[in-house]
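A short worksheet on the structure shown next.
The values are calculated or read from the model by the stated rules, or taken from the named source; none is laboratory data. Everything quoted here is computed from the prediction, not taken from an experiment. Using ideal geometry, Cβ is built from the backbone for each residue, glycine included, and neighbour counts are taken over all protein chains shown.
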Amino acid sequence: MGSVKRNGTIDIIRIIASFAVVLCHVPFPEPFTHGSMAVTRFAVPFFYMVSGWFLFTPGDSKDVIEKRIKRTLLATVRMSVICTVLYCVINTVNCILKGRDMFYWFTSWMSWDTLVNLVAFNYGQLIGSMMWYLFAYIYVLLVLLVLTNTGLLKKLYFLIPVLLIANLVMADTLDIRWFHVGNWLFTALPFVLLGIFLREKPDIPERLSKVTLWVMILAGTAMTIGEALVYHEHVLYVGTLFVVFGLFSLAIKYADKNWPEPIRWYGCHCTPFIFFMHCAVRDLAYAIFGMPDGNIRFVMPVIIYFFTAIVSIAIVIVKKNLPARQKNSITEN
């Protein structure tokens with residue numbers, strides 16, 4: 001977004017969050033699996049908050065806001081199509097390499113339940129596990145577009161705690177699958193709204209000291225691990241809320257810090273591709289070389305991240321050298 005002043009610290013934390021996403025899908029072996037996966041849960045909420053933060057600038061007119069939403073929506077749809085095709089190809093290749101029945105595998109997802117899950121909860125078996133993020137963001141952008149046109153956006157900030165509490169309570173008390181709360185409504189919407197809210201009122205986190213925020217992050221991490229031991233895998237933990245708010249608030253407080261430009265460039269442009277492509281790199285690696293075992297599983301997250309980073313950097317370089325066209329706001333936000 002050309003008129004939005006970038007916060008370089010957000011880009012730095014996005015690097016950390018991108019590795020956390022990889023660690024979530026390439027976890028450490030037992031007995032560290034639940035703990036390593038739990039502490040990564042801040043990553044997706046953080047990325048959603050960043051999307052909300054960069055979507056608007058305080059004082060923007062209704063027309064400017066509407067144009068930004070539409071531009072971001074178009075870019076998100078374009079990325080969704082690309083990633084859907086990519087993961088369909090990757091999953092087909094995996095199916096061939098593993099000797100599965102192609103017809104049975106391909107038609108197994110074409111059930112009523114699967115289609116309902118895709119439309120209502122942004123989850124589909126044929127596509128990559130991270131694709132729900134894009135589909136959920138499309139839904140959120142459509143909601144924001146309607147709210148902006150009706151002037152109700154700021155009046156719905158009360159939904160932030162309501163939806164987050166519903167997420168936590170439903171996950172703890174109901175026998176449901178992760179995507180029943182990890183979707184556009186109970187995860188994407190409240191965190192995007194929270195990012196928009198903090199963009200308008202940055203004085204809220206600025207009132208907190210850096211020491212307080214670091215304590216919040218460390219305490220939240222400990223709480224998350226404890227919750228994971230009790231409840232096992234969740235999309236969101238109470239501790240996650242402390243971690244993501246603490247990290248985002250630190251990014252606001254360190255907004256003027258001068259970070260090395262190559263690192264900022266990497267955090268700004270490459271982390272979205274790492275986010276969406278690491279599962280493809282992982283699946284291909286496992287299909288070709290087999291599932292890792294032994295101590296190598298402790299370094300697999302780093303290996304997958306490294307190769308995904310190489311692919312992502314190459315994509316960004318190629319993209320930058322293509323004929324000039326409208327910037328993709330997914331790689332900008």
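Looking at the range 118-165 only, could you name the residues that are in contact with a helix residue (DSSP H, G or I) (Cβ under 6 Å, 6 or more places away or on another chain), among the hydroxyl-bearing types (Ser, Thr, Tyr) and closer than 30 Å to residue 92 by Cα?
Passing the criteria: 123, 129, 137, 139.
Which of the residues that make up the range 160-179 are assigned to a helix (DSSP H, G or I) and within 20 Å of the chain's Cα centre (by Cα)?
Filtering the range 160-179 for residues assigned to a helix (DSSP H, G or I) gives 160-173, 178-179.
Answer for the range 160-179, where residues must be assigned to a helix (DSSP H, G or I) and within 20 Å of the chain's Cα centre (by Cα): 160, 161, 163, 164, 165, 166, 167, 168, 171, 178, 179.
Of the residues 330, 296, 252, 315, which single one is at pLDDT below 95, of a type outside the set (Asp, Glu) and closer than 30 Å to residue 210 by Cβ?
Numbers: 330 fails: closer than 30 Å to residue 210 by Cβ; 296 fails: closer than 30 Å to residue 210 by Cβ; 315 fails: closer than 30 Å to residue 210 by Cβ.
Sole residue among the options that is at pLDDT below 95, of a type outside the set (Asp, Glu) and closer than 30 Å to residue 210 by Cβ: 252.
Being modelled with pLDDT of 90 or more and surrounded by fewer than 17 Cβ atoms within 10 Å (Cβ to Cβ) is the filter here; which residues of the range 148-175 pass it?
157, 158, 159, 161, 162, 165, 166, 169, 170 - these are the residues of the range 148-175 that are modelled with pLDDT of 90 or more and surrounded by fewer than 17 Cβ atoms within 10 Å (Cβ to Cβ).
Which of the residues that make up the range 228-259 are more than 24 Å from residue 35 (Cβ to Cβ), surrounded by fewer than 23 Cβ atoms within 10 Å (Cβ to Cβ) and of a type in the set (A, V, I, L, M)?
Going residue by residue through the range 228-259, those that are more than 24 Å from residue 35 (Cβ to Cβ) are 249, 251-259.
With the extra rule that they be surrounded by fewer than 23 Cβ atoms within 10 Å (Cβ to Cβ), the set shrinks to 249, 252-259.
252, 255 - these are the residues of the range 228-259 that are more than 24 Å from residue 35 (Cβ to Cβ), surrounded by fewer than 23 Cβ atoms within 10 Å (Cβ to Cβ) and of a type in the set (A, V, I, L, M).
Failed condition for residue 52, given (1) buried (at least 21 other Cβ atoms within 10 Å of the Cβ); (2) without any contact (Cβ under 8 Å) to a residue 24 or more places away in the chain; (3) of a type in the set (Gly, Ala, Ser), with all others met?
(2)
Among the listed residues 69, 65, 138, identify the single one that is over 23 Å from residue 287 (Cα atoms) and over 22 Å from the mean Cα position of the chain (by Cα). Can you show your working first?
Values: 69 fails: over 22 Å from the mean Cα position of the chain (by Cα); 138 fails: over 22 Å from the mean Cα position of the chain (by Cα).
Matching residue, one of 69, 65, 138: 65.
Which one is surrounded by the most Cβ atoms within 10 Å (Cβ to Cβ), of the residues in the range 84-109 that are touching a helix residue (DSSP H, G or I) at 6+ places or on another chain (Cβ under 9 Å), modelled with pLDDT of 70 or more and not in a helix (DSSP H, G or I)?
Among those that are touching a helix residue (DSSP H, G or I) at 6+ places or on another chain (Cβ under 9 Å), modelled with pLDDT of 70 or more and not in a helix (DSSP H, G or I), it is 100.
Is there a residue in the range 284-291 that is out of contact with any strand residue (DSSP E or B) (no Cβ under 8 Å at 6 or more places or on another chain) and either outside any helix (DSSP H, G or I) or at pLDDT 95 or above (or both)? Explain how you work it out, then say what you get.
Looking only at the range 284-291, we keep the residues that are out of contact with any strand residue (DSSP E or B) (no Cβ under 8 Å at 6 or more places or on another chain), and these are 284-291.
Now drop any that are not either outside any helix (DSSP H, G or I) or at pLDDT 95 or above (or both), which leaves 290-291.
Yes, that holds for at least one residue.
Could you say which residue among 289, 242, 248 is among the aromatic types (Phe, Trp, Tyr), farther than 30 Å from residue 98 by Cβ and free of Cβ contacts under 8 Å to residues at least 40 places away in the same chain? If you could, list the steps in order and put the result at the bottom.
Values: 289 fails: farther than 30 Å from residue 98 by Cβ; 248 fails: free of Cβ contacts under 8 Å to residues at least 40 places away in the same chain.
Sole residue among the options that is among the aromatic types (Phe, Trp, Tyr), farther than 30 Å from residue 98 by Cβ and free of Cβ contacts under 8 Å to residues at least 40 places away in the same chain: 242.
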